[in-house]
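Asker: Just passing along the structure, written as structure tokens.
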């Protein structure tokens, strides 16, 4: 069976793209492995009409609404390979074999590669975060730490005083120059140069190499992000983002490969539910228009 569009990834961006195509009565196949990037967080914020809602509830309601359209098929699986094929594209899944579609939307998201610090991974999305707009308000103007993984920690450090009393832990990664130090001073950011050796506590406590323990209400840090290998298999051009590569797209969200579109965290140098939904609309509409005009 030739689908009009295959969407790889059934989280917020993929669901949003699928909805546009389903409403255009196109045959849509969504293939999803069930690994939402924000699955570690209890609540999602900054998304109008869903502020404070559990991420899995938002995703489940979106899927339920999408599956009301009879032209949509859902397959729970992982896509291992993608390639061009006569008339479009062919993807191969781990358990359900191959599928073909005239257009392909990559809504695969990204994988966060976290700093290798004991105690961090189990607190990711709970007390250790990457997005101030998503989680800063809930810290109630408390004590906030910024754990540097690169000089880009300055970005977090200069933003976060709007959400609470902020300390930048340089962690042996970099030393602010005179201009950066002046910026930190203007924002009231404290500087801690001692290396962090471990995160502990029921909430979050940073243990330092000199034996001190600093209690905080939340920590922000930058992960490295990794894309699905499908983009490379298809030959899509990538752009360099602050935390890792992402898919380069045009205004219709088509990649450098004709007929392949991308949306969500895989095609943005930032991540949030609201942005993913918005970009999914653009990719779904872009794919539909390309089908009309060939």
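Asker: I'd like the residue in the range 145-172 that is assigned to a loop (DSSP other than H, G, I, E, B) and over 22 Å from the mean Cα position of the chain (by Cα) and, out of all such residues, is nearest to residue 114 (Cα to Cα).
Answerer: 171
Asker: Among the residues of the range 35-42, is there at least one that is in a helix (DSSP H, G or I) and under 20 Å from residue 279 (Cα atoms)?
Answerer: Looking for residues that are in a helix (DSSP H, G or I) and under 20 Å from residue 279 (Cα atoms), one finds none in the range 35-42, hence no.
Asker: Yes or no: the range 72-79 includes at least one residue that is touching a helix residue (DSSP H, G or I) at 6+ places or on another chain (Cβ under 7 Å), closer than 23 Å to residue 248 by Cβ and either outside any loop (DSSP other than H, G, I, E, B) or in the same structural domain as residue 285 (by TED's automatic domain parsing) (or both).
Answerer: Yes, the range 72-79 has at least one match.
Asker: The conditions are (1) under 29 Å from residue 226 (Cβ atoms); (2) in a loop (DSSP other than H, G, I, E, B); (3) over 24 Å from the mean Cα position of the chain (by Cα), and residue 119 fails exactly one of them. Which is it?
Answerer: Unmet for residue 119, out of (1) under 29 Å from residue 226 (Cβ atoms); (2) in a loop (DSSP other than H, G, I, E, B); (3) over 24 Å from the mean Cα position of the chain (by Cα): (3).
Asker: Name the residues in the range 246-292 that are in contact with a helix residue (DSSP H, G or I) (Cβ under 7 Å, 6 or more places away or on another chain), surrounded by fewer than 24 Cβ atoms within 10 Å (Cβ to Cβ) and part of a helix (DSSP H, G or I), would you?
Answerer: 277, 281, 285, 288
Asker: Could you please find all residues in the range 157-174 being more than 13 Å from residue 216 (Cβ to Cβ) and either in contact with a helix residue (DSSP H, G or I) (Cβ under 9 Å, 6 or more places away or on another chain) or surrounded by 13 or more Cβ atoms within 10 Å (Cβ to Cβ) (or both)?
Answerer: In the first step, residues of the range 157-174 are kept if they are more than 13 Å from residue 216 (Cβ to Cβ); the result is 157-159, 161-162, 170-174.
Listed by number, the residues that qualify are 157, 158, 159, 161, 162, 170, 171, 173, 174.
Asker: Could you tell me which numbered condition residue 49 fails, if it satisfies all but one of (1) without any contact (Cβ under 8 Å) to a residue 24 or more places away in the chain; (2) in contact with a helix residue (DSSP H, G or I) (Cβ under 9 Å, 6 or more places away or on another chain)?
Answerer: (2)
The values are calculated or read from the model by the stated rules, or taken from the named source; none is laboratory data. Keep in mind that this is a model prediction, so the values were computed, not measured. All Cβ positions, even for glycine, are placed from backbone atoms using ideal geometry, and neighbour counts span all protein chains on display.
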